[in-house]
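Working notes, beginning with the structure itself.
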Amino acid sequence: MKFYLETFGCQMNVHDSERITWLLLQEGFKKADNPSSADLILLNTCSIREKAEHKVFSRLGRLFILKKSNSSLKFGVIGCMAQSYGNKLLRRFPLLSFVIGPDSISSLPEIIRNELETGLPQVETKFNSSDHPGSGSFLPDYYGKTFISIMRGCNNYCSYCIVPYVRGPEISRPAHEILEEVEQLVDAGYKEIILLGQNVNSYLDTGKSTVTFARLLSMLNGIKGLERIRFMTSHPKDFTEDIIEAIYALEKVCEHVHLPIQAGSNKILAAMHREYTCEQYLKKIELLRKRIDNVAITTDIIVGFPGEDDQDFLKTVKLLEEVRFDSIFAFQFSKRKGTRAYTFDETVPESVKRSRLNEVNQLQKEISESINKTYIGTNVEIFIDEYCPKKTGLLSGRTRTDKIVFCSEQPDLLYTFRDILIESASPYALKGVILSDGERH
């Protein structure tokens with residue numbers, strides 16, 4: 001049986017899709033090159049914003065046409081939308097055979113077999129506290145770097161966020177299991193790992209000995225053959241000084257922190273239930289920059305949150321100007337049913353939301369370009385992890401500070417560390433030349 005899998009949303013979904021692919025291949029399924037050659041089409045979905053859901057609805061409508069030429073073709077929705085909608089998806093899309101929440105991914109092969117045997121649609125959306133995130137080691141397709149899920153779920157319940165409702169409460173994976181998986185990946189040739197969680201800072205293994213996130217970073221730093229460690233995403237209220245010290249002291253932990261502020265107004269932060277003030281956030285930025293030279297800091301911004309007036313928005317703009325983030329991910333507020341903010345009165349017209357979004361993106365574009373231009377004439381180390389013959393004809397990789405760097409076309413250098421002389425910069429990337437043919441590590 002051939003399967004085709006499409007992924008929507010965040011890095012956690014990308015990691016989940018890697019796991020889904022591995023599970024199905026282990027059970028004898030084969031990957032289809034395109035939807036039209038598949039017997040089973042799966043969409044791993046995202047619910048973080050309304051736009052993300054509309055993309056999935058639209059994609060399902062287009063894919064269902066394939067049923068006309070293949071009556072036995074089966075469809076499934078996996079992930080956050082499955083968790084959020086459950087049986088409602090079956091009522092809206094009767095052609096679906098599977099609706100499977102994130103906690104049931106490990107049971108996917110069994111769920112598929114049940115459907116094949118009974119012919120009945122399968123809906124699995126229960127939270128499973130006994131199944132740790134990513135439990136069960138697996139080797140994804142080799143790209144030199146990979147994601148490692150260290151925890152799942154969230155206990156923060158920000159008023160706008162659907163994540164706690166579709167990913168469940170926080171569950172941290174045992175530290176020894178994470179270490180074993182990373183060692184296995186390093187033995188297979190992997191050089192860089194990205195630790196994943198909805199809020200990695202609150203990671204806590206309370207087994208035989210307590211392991212905090214900072215302690216976990218230290219333990220991973222000791223693995224021989226591992227070159228780089230990254231992590232995402234952080235919550236400002238849990239971003240503590242011991243984590244800053246770990247980034248400073250541990251040579252394999254990269255100097256990049258994604259620390260979502262969301263808004264520059266304390267009034268709006270309180271309405272969002274973020275549990276910190278702008279002043280507290282800025283203090284953490286100050287500590288980061290004081291302790292770690294050239295640390296790159298990125299963030300998330302939401303514009304148009306209910307109650308955001310012109311003065312609130314101006315405070316967000318001023319904060320962007322003051323902090324000068326390396327880059328931002330900015331979005332218009334999107335109501336999510338089931339969250340507290342869903343009941344808030346919308347006070348910001350859509351046209352104003354769009355205008356504010358354009359303003360912060362334009363401001364950040366100028367800031368990012370200014371920062372990136374400081375790299376011109378400098379040497380940086382990158383891990384070359386992509387070759388884009390059709391798009392650019394260039395290799396690309398990332399610096400320790402997570403800057404994308406394009407360099408000359410030498411496909412044989414894929415998955416190696418190289419020193420690059422930066423010659424030009426844009427708001428989104430750097431471009432340079434490889435300094436020598438000698439591999440850095």
Report task. Looking only at region 368-375, decide whether some residue is assigned to a loop (DSSP other than H, G, I, E, B) and touching a Gly at 6+ places or on another chain (Cβ under 9 Å). Result -> yes
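Quick one: which of 401, 339 is assigned by TED's automatic domain parsing to the domain that holds residue 423, buried (at least 17 other Cβ atoms within 10 Å of the Cβ) and under 27 Å from residue 264 (Cβ atoms)?
Answer to the selection: 401.
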Query - Answer residue from region 421-434, given it is more than 23 Å from residue 298 (Cα to Cα) and aliphatic (A, V, I, L, M) and is surrounded by the fewest Cβ atoms within 10 Å (Cβ to Cβ) among those - result: 433
Report task. Could you tell me whether residue 283 is out of contact with any Lys or Arg (no Cβ under 9 Å at 6 or more places or on another chain) and modelled with pLDDT of 95 or more? Result -> yes
Query raised in the report: Does region 52-94 hold any residues that are surrounded by 21 or more Cβ atoms within 10 Å (Cβ to Cβ) and at positive phi, and which are they?
Result: 79
Requested in this report: Taking the options 211, 253, 186, 182, name whichever one is touching an Asp or Glu at 6+ places or on another chain (Cβ under 6 Å), farther than 26 Å from residue 49 by Cβ and assigned by TED's automatic domain parsing to the domain that holds residue 303.
Outcome: 211
Query raised in the report: Can you find even one residue in region 337-352 that is among the hydrophobic types (A, V, I, L, M, F, W, C), within 15 Å of residue 262 (Cα to Cα) and touching a Leu at 6+ places or on another chain (Cβ under 9 Å)?
Result: no
Report summary line: Flagged in region 156-193 as charged (D, E, K, R) and more than 15 Å from residue 224 (Cα to Cα), in numbering order, are 167, 170, 173, 177
Requested in this report: Would you kindly identify the strands (runs of 3 or more DSSP E) lying entirely within region 149-264 that contain at least 3 residues that are over 30 Å from residue 340 (Cα atoms)?
Outcome: 192-196, 228-232
Query - Pairs where the first residue, in region 323-338, is under 20 Å from residue 352 (Cα atoms) and the second is aromatic (Phe, Trp, Tyr) and not in a strand (DSSP E or B), C-beta under 7 Å, 6+ apart - result: 333/160; 333/305; 335/342; 336/160; 336/342
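The values are calculated or read from the model by the stated rules, or taken from the named source; none is laboratory data. Keep in mind that what you see is a predicted model, and the values were worked out from it rather than measured. For neighbour counting, all protein chains shown are included, and Cβ atoms are generated from backbone atoms with ideal geometry for every residue, glycine included.
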